[in-house]
Amino acid sequence: LEDLSCLPTMELGDIPAEEPEVACEPQLQDEVRSCWFDQPTNGIGTVALNFCLEGLNGEQLAYLPIFSSLLTQIGAGERDYLQMAQRLEAVTGGISARTSLLDNPADLDSFMATFEVKGKALVRNSEPLFELLHDILLAPYFTDLQRIHTVLNQLKVSLENSVPQSGHTYAARTAAACLTPANWRRELWSGLSQVAMIRKFAAMKVDELQPLSEALAGIGKQLFCRARLQTAVTVEKDNFAAFRTPLEQLCSNLPAEVPSAGYEEKPFQPDPKRRGFVWSLPVSYVTRVHRAVPYSHSDSAALTVLSKLLRAEFLHREIREKGGAYGGMASYNSESGVFSMMSYRDPHIQRTLQVYDQAVEWAVNGDFSADSLKEAVLAVFSDLDKPLSPAGTGAQEFANLRQGLTLEMRNQMRRQLLAVDAAALQAVAKKYLQQPGAVSVLAGEAALRKANEQLGTQALELRKI
């Protein structure tokens, strides 16, 4: 056997305590704030148009994922959807639309919700890019009911295929929705609630989609105005000028402001639930999720490390190797403030829920080595310090600026991560994971009913999607 002792190793001292600063050149034009990021993009500019959602009514907010999927797949301006697709391919690297949620780094009960339209193109195609953005924002064809029907059915197939592939994510999202308002909105937009909504609309006949068509057109008229807009451009500084004028022209063409619907959401109260969601599956996805702390809290670093430690040193062994599931894992999202334990393609339900109890007890007792702790910290920084593309760097910093996640906050988190010790892990496990958590299981109906017989007073509330 070869001697591997001469190979380089990674130590905690090798990790930089601070992340590099990303320079941003701010601009204010017609009351629209813009961020300009000088990045080596090789002559490809990325433009992000970000619209806040305050004042949209409940129906409009619920329909936003459908709106985002259709916006770039229907015709606009003087082009039908086929002509639009051809033009997009000819002069851009693509235009996309999506909803976005940013958690408040100091408060789990508040968040920022926005709608983002993003496009990229070579510098020489900056003007054609903005012409297409203009048409998509101001003249989309939501009157083409047949096209809406076709896209909805494509979405239905895609989402239904994604459920067995990402069942643990769907299950964890339904559990987290009981714990914080931001996670409730995430589930509405990208969880089983969205799957159910798409299935409902996809089952309608073409002429039955007229009310949805009118609602989607109303969202566009309500949403796309200068008063709601922030923008970002990522490209080399020498190429800023090629994007500045067409961006200013686009902003000036948007309505200054549209009266809001005056909608106010109901106050949110955390309410951990134990639920089982019925889907046609031969295996189960078992999750337990706990509400913890916001990003800036001193316990956030220890919870992040604990998730890596539990996954590598306990859950993988007990759920995958002993239990026969495809995977057993834990994660902590330091921005959303929820700690999740999950199983993937699991033959068990009741046993896995018992394993989660055992995992917490294992962590509270400190039954792990110093080497395991070090490996967990290294795994955290492996995720934190993954290289981003130049465009990704600009997008990440744009999100940080809007979210209020400052460089000092991020560097403070790094220092806290490097200082995590065994006592801190035991303390956060006891403080947060021994409290009642939300349980969600995605499985076949027979498996859920059998599990409920075993769970007794801890039985799951069953729901069909």
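The values are calculated or read from the model by the stated rules, or taken from the named source; none is laboratory data. This is a predicted model, so every value here is computed, not measured. Positions of Cβ are generated from backbone atoms using ideal geometry, with glycine treated the same way; all protein chains shown enter the neighbour counts. Accessible surface is based on the protein model in full, side chains and every heavy atom, while ligands, DNA and RNA are left aside. Shrake-Rupley method; radii C 1.70, N 1.55, O 1.52, S 1.80 Å.
The table for this structure:
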quantity	calculated
Single residue of LEU250, LEU310, LEU315 found to be modelled with pLDDT of 95 or more, under 26 Å from ALA113 (Cα atoms) and assigned to a helix (DSSP H, G or I)	LEU250
Number of the condition not met by GLU264 [criteria: (1) open to solvent by 20 Å² or more (accessible area, probe 1.4 Å); (2) outside any loop (DSSP other than H, G, I, E, B); (3) over 30 Å from GLU25 (Cα atoms)]	(2)
Top-ranked residue in segment 392-420 [being over 18 Å from the mean Cα position of the chain (by Cα) and over 18 Å from VAL305 (Cβ atoms); ranked as most open to solvent (accessible area, probe 1.4 Å)]	GLU408
Every residue from segment 21-45 that is surrounded by 20 or more Cβ atoms within 10 Å (Cβ to Cβ), among the polar types (S, T, N, Q) and assigned to a strand (DSSP E or B)	SER34
Extreme residue, nearest to GLY58 (Cα to Cα), among residues of segment 220-239 that are in contact with a Phe, Trp or Tyr (Cβ under 6 Å, 6 or more places away or on another chain) and among the hydrophobic types (A, V, I, L, M, F, W, C)	LEU223
Residues within segment 318-334 that are part of a helix (DSSP H, G or I) and surrounded by fewer than 18 Cβ atoms within 10 Å (Cβ to Cβ), tallied	1
Scan of segment 289-307 for residues that are within 20 Å of the chain's Cα centre (by Cα) and either hydroxyl-bearing (Ser, Thr, Tyr) or within 22 Å of SER440 (Cβ to Cβ) (or both), ordered by number	VAL289, HIS290, ARG291, ALA292, VAL293, TYR295, SER296, SER300, LEU303, THR304, SER307
Number of the condition not met by ALA203 [criteria: (1) surrounded by fewer than 19 Cβ atoms within 10 Å (Cβ to Cβ); (2) small (Gly, Ala, Ser); (3) touching a strand residue (DSSP E or B) at 6+ places or on another chain (Cβ under 6 Å)]	(3)
Qualifying positions in segment 163-192 - without any contact (Cβ under 8 Å) to a residue 24 or more places away in the chain, surrounded by fewer than 17 Cβ atoms within 10 Å (Cβ to Cβ) and in a helix (DSSP H, G or I)	GLN165
Residue match in segment 232-239 (condition: more than 24 Å from the chain's Cα centre (by Cα), aliphatic (A, V, I, L, M) and open to solvent by 30 Å² or more (accessible area, probe 1.4 Å))	no
Checking THR99 against (1) modelled with pLDDT of 95 or more; (2) open to solvent by 70 Å² or more (accessible area, probe 1.4 Å); (3) of a type in the set (Ser, Thr, Tyr), the condition it does not meet	(2)
Qualifying positions in segment 336-353 - in a loop (DSSP other than H, G, I, E, B) and either polar (S, T, N, Q) or surrounded by fewer than 19 Cβ atoms within 10 Å (Cβ to Cβ) (or both)	SER336, ARG345, PRO347
Residues that are of a type in the set (Lys, Arg) and either within 30 Å of VAL123 (Cβ to Cβ) or crowded, with 16+ Cβ neighbours inside 10 Å (or both), drawn from segment 206-231	ARG226, ARG228
Restricting segment 79-89 to residues that are in contact (Cβ under 8 Å) with a residue 24 or more places away in the chain and open to solvent by 60 Å² or more (accessible area, probe 1.4 Å), the residue that is nearest to the chain's Cα centre (by Cα)	TYR81
Selection from segment 405-443 of residues that are outside any helix (DSSP H, G or I) and in contact with a strand residue (DSSP E or B) (Cβ under 7 Å, 6 or more places away or on another chain)	GLN435, GLY437, ALA438, VAL439, SER440, VAL441, LEU442, ALA443
Within segment 102-137, tally of residues that are touching a strand residue (DSSP E or B) at 6+ places or on another chain (Cβ under 8 Å), outside any helix (DSSP H, G or I), of a type outside the set (Val, Ile, Thr) and open to solvent by less than 30 Å² (accessible area, probe 1.4 Å)	8
Selection status of LYS386, under 21 Å from the mean Cα position of the chain (by Cα) and at pLDDT below 95	yes
Condition check for LYS431: open to solvent by 90 Å² or more (accessible area, probe 1.4 Å), modelled with pLDDT of 95 or more and closer than 28 Å to ASN104 by Cα	yes
Scope segment 369-379; condition within 17 Å of HIS316 (Cα to Cα) and open to solvent by less than 30 Å² (accessible area, probe 1.4 Å); matching residues	SER372, LEU373, ALA376
Scope segment 270-307; condition farther than 13 Å from MET341 by Cβ, touching a Lys or Arg at 6+ places or on another chain (Cβ under 8 Å) and either in a loop (DSSP other than H, G, I, E, B) or of a type in the set (Phe, Trp, Tyr) (or both); matching residues	PRO270, PRO272, PHE277, VAL283, ASP299
